[in-house]
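K.L.:
Questions regarding the structure given below will be posed in turn.
Nothing in this text is a laboratory measurement; each read-out follows from the coordinates by a stated rule. Nothing here was measured: the structure is a model prediction, and the numbers come from that model. Glycine also receives a Cβ, built like all others from the backbone with ideal geometry; neighbour counts cover every protein chain displayed.
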Amino acid sequence: MAELMAILLFVSICVALMAGFPVAFTLAGVSLLFAAIGVVTGTFDPGYLSALPNRLFGIMNNQTMLAVPLFVFMGVMLERSRVAEDLLESMSRLFGTLRGGLAISVCVVGALLAASTGIVGATVVTMGLLALPTMLRRGYDPAISTGTLAATGTLGQIIPPSIVLVLLGDVMSSAYQQAQLKMGIFSPKTVSVGDLFVGALLPGLLLVGLYIVYIIVVAVVQPKKLPAMSKEELGDVEWGRLLKALVPPMLLIGAVLGSILAGYATPTEAAALGAVGAMLLAFSKGKLNFGQLKEVAYGTTEISAMVFMILIGASLFSLVFRGFGGEALIEDVFAQLPGGVLGAFFLVMVVIFLLGFILDFIEITFVVVPIVGPVLLAMGLDPIWLGVMIALNLQTSFLTPPFGFALFYLRGVTPASIPTSTIYKGVVPFILIQILLLVIAYIFPGLITWLPEQVYGK
């Protein structure tokens, strides 16, 4: 009976989230409701809930999670300082004379914005407003144009510093410690957000490369879909302006990631450095004033409060799920799967991919990963490799209809003349490219693990 309650709890939360109820309150409310039913029916020990205060204190005292509001502040500040506009204009002049040059420019600028802002909504909307009208006016295929914009917007989820990797790093760290304790290792090793940042760097850059290769192939095979622009129309490349637009964000990215890679700063300290750097960059562009600072602070507070409320709700859910014997059920299912470790891994990746159609990445991170993570890690999978693979998989959730958030953001800035079906059609090749990268990373795990081994000796 208790195991049935665990399954019903998970299904009920997924149904409630699909119905559009707020994530944090759904996780906490449904979990408490099931706990009450469990106490009445004798299938749940209320003693499990006594661990909740310690969990909440752990969240409040978690130094790693301080990186979330700091990276959000950095991203929102850069978005308001018009970094994207200057970059896109300069890159368009550089690549515009090539077939598909505008789309390549979008990929390059999207990657730079991903590494500097890490906020999908801001990147997609900004790039959509700036680049889409120009692409359509120059005769670009609407499906490829919208698909490129939506896909490049999601790069912020895998190219560090990424909010997804910060949240996932915290969850994976807890899961790894649980797995080691189950294996009888009482001085457990840790996996940090910095480990995931380093592990995700090469796959993120490879993904950008694969996007550009796809655009080049389409430009060669179907040149009418991605026409070149004339040099007279674009004007000469202004190298001074290009460097002025390119160097400051590159220096900021280098300072944030470089300090982590070199071991001079933790991700939280690097996030603080990034926040100060973003303010200096905005000041240099004349975009920093009290009103702007107030708006950025308000936006940061709103996003951060949402994330931490979800984290509290997820803690309550994991306690109730464990109280119903959900973890033991998952272990039994995985143990009986054909293929052992690989079978369990493939099942989890398929489930995460399918849930990406209906749930947000934050919901999947806090609901699914704490359940399956300890079990997979106890089977011997590398925590950094597993964390980055899950992050790559979660990235698809932004593009998969019907609830792909990047699609919603882009729909809001796309002309009414372009139907939603065109946007859906445009993102399909990019979803397939993301799946291809997952396959490559599975076949060649060194793509993820090599750099952390070189940097940290892990």
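K.L.:
Toward the positive end of the charge dipole of the range 2-456, about the Cα centre and with charges on Cβ (Lys, Arg +1; Asp, Glu -1), which of 27, 63, 256 goes farthest?
P.N.:
Toward the positive end, the furthest listed residue is 256.
K.L.:
I'd like the Karplus ³J(HN,Hα) series for the range 316-321: coefficients 6.51, -1.76, 1.60, θ = phi - 60°, whole numbers in Hz, and an x wherever there's a Gly or Pro.
P.N.:
5, 4, 5, 5, 5, 4
K.L.:
Tell me the mean residue ellipticity at 222 nm calculated for the chain from its helices only (DSSP H runs of n ≥ 4, each -39500 (n - 2.57), averaged over every residue, nearest 500). Mind dumping the intermediate values first?
P.N.:
Values: 22 runs with 347 residues, N = 458.
So the helix-based figure for the chain works out to -25000 deg cm²/dmol.
K.L.:
While we're here: Among 305-315, 324-334, 168-178, how do they line up from the highest to the lowest mean number of other beta-carbon atoms within 10 Å?
P.N.:
Highest-to-lowest ranking by the protection proxy: 168-178, 305-315, 324-334.
K.L.:
Have a look at the range 2-456 and give its Rg and Dmax from the Cα atoms, expressed in angstrom.
P.N.:
Cα-based Rg and Dmax for the range 2-456 come out at 22.5, 78 Å.
K.L.:
Let me ask something else about it. Projecting each Cα onto the charge dipole of the chain (Lys/Arg +1, Asp/Glu -1 at the beta carbon, about the Cα centre), which of 321, 388, 281 comes out farthest on the positive side?
P.N.:
Ranked along the dipole, the leading option is 281.
K.L.:
Round to a whole angstrom and tell me the spacing of the C-alpha centers of the range 375-448 and the range 26-43.
P.N.:
Measuring centre to centre over Cα atoms gives 33 Å.
K.L.:
Apply 1/(1 + (r/R0)^6) to the Cβ-Cβ distance of residue 302 and residue 189, taking R0 = 41 Å, and write down the FRET efficiency to the nearest 0.05. Please list the in-between numbers first.
P.N.:
Details: r = 36 Å, r/R0 = 0.88.
So, using R0 = 41 Å, E works out to roughly 0.70.
K.L.:
Continuing with this model, one more query. To the nearest 20 debye, what is the magnitude of the charge dipole of the chain about its Cα centre, counting +1 on the Cβ of each Lys and Arg and -1 on the Cβ of each Asp and Glu? Intermediate results must be reported in sequence, preceding the final value.
P.N.:
Details: 21 positive and 23 negative charges, 194 e Å.
Magnitude of the dipole: close to 940 debye.
K.L.:
Mind checking which of 431, 199, 132 is farthest towards the positive end of the range 2-456's charge dipole, using Cβ charges of +1 (Lys, Arg) and -1 (Asp, Glu) about the Cα centre?
P.N.:
132
K.L.:
Still on this structure: Just subtract the alpha-carbon distance of residue 41 and residue 82 from 0.36 nm times their residue separation and send over the number in nm, one decimal.
P.N.:
The residue 41-residue 82 span can extend by a further 8.9 nm.
K.L.:
Count the lysine pairs in the chain whose Cα atoms lie under 17 Å apart, taking only pairs 8 or more positions apart in sequence or on different chains.
P.N.:
Number of lysine pairs found: 4.
K.L.:
Could I ask something else about it? Going by Cα centres, the range 53-72 and the range 291-369 are how many Å apart?
P.N.:
A separation of 17 Å, based on Cα centres.
K.L.:
Let me ask another. Kindly give the semi-axes, whole Å and largest first, of the ellipsoid equivalent to the range 249-388, taking each as the square root of 5 times a Cα gyration tensor eigenvalue. Mind showing how you got there, number by number?
P.N.:
On the way: eigenvalues 304, 77, 33 Å².
Result for the range 249-388: semi-axes of 39, 20, 13 Å.
K.L.:
For 10, 57, what ranking results if the residue with the fewest other Cβ atoms within 10 Å of its Cβ goes first? Could you put the intermediate results ahead of the total?
P.N.:
On the way: 10 20, 57 10.
Fewest to most other Cβ atoms nearby, the residues stand as 57, 10.
K.L.:
Moving on. What is the Cα coordinate range of the range 352-435 on the first, second and third principal axes, sorted by size from largest, in whole angstrom?
P.N.:
52, 23, 16
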